[in-house]
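Notes follow once the structure below has been shown.
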Amino acid sequence: MDLYKPYGAWKVEPNGTYMVTEDDRQTYIEYATPEDVPTLMAEWLGELNRLIETPLGETEAIDAYAELHLGFVHIHPFWDANGRLARLLSNLPMLCAGHLPVVIDVRDRKEYIDILARYEQATGQLTKVTGIWPANASGTAFQAFCRRSYQVTRNLVEQAKFQQAKRKSAD
């Protein structure tokens, strides 16, 4: 057990990541401080619970996924697995509304990371004062990315249904 990498608890050290800007400059993105994480995550969990209980159409559900995902990864509340948890937990409103999950294809990983980094750089570090979704935040690029990803997932499911129907008719 590493004191600075707690399991089952919020992070205890500041963290961040480097990104390369569009003009090829390396810059550091600092995530929320450990002191701000409990407040920000309480806000995030409140929004998650609200969205789970809201009947959402497909587009609304995808946009909810994008909003939750952006918030979670920008807080970066744990020392590890933040992206995986964001992709998993942000799908709860999708599933509760009866929709397929949003799946980010591994082949789109670079675009996914680049969009997240641009959003985080433009938004700045989250604090108790800014909240999770500051007024200057624009998640439209990530929403569009999630909508495209969802269409790929839908197409995959349709192909599987078609193949299954073909197998049944051959029997």
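The values are calculated or read from the model by the stated rules, or taken from the named source; none is laboratory data. Quick caveat: nothing in here was measured; it's all calculated off a predicted structure. Using ideal geometry, Cβ is built from the backbone for each residue, glycine included, and neighbour counts are taken over all protein chains shown.
So here's what we get for this one:
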{"read-out": "Extreme residue, modelled with the highest pLDDT, among residues of segment 13-49 that are loosely packed, with under 13 Cβ neighbours inside 10 Å and assigned to a loop (DSSP other than H, G, I, E, B)", "value": "35"}
{"read-out": "Verdict on residue 120 being touching a helix residue (DSSP H, G or I) at 6+ places or on another chain (Cβ under 7 Å) and assigned to a helix (DSSP H, G or I)", "value": "yes"}
{"read-out": "Selected residue (criterion: surrounded by the fewest Cβ atoms within 10 Å (Cβ to Cβ)) from residues of segment 67-103 that are within 19 Å of residue 14 (Cα to Cα) and touching a Lys or Arg at 6+ places or on another chain (Cβ under 8 Å)", "value": "80"}
{"read-out": "Single condition residue 146 does not satisfy, out of (1) closer than 19 Å to residue 30 by Cα; (2) out of contact with any strand residue (DSSP E or B) (no Cβ under 9 Å at 6 or more places or on another chain); (3) crowded, with 20+ Cβ neighbours inside 10 Å", "value": "(1)"}
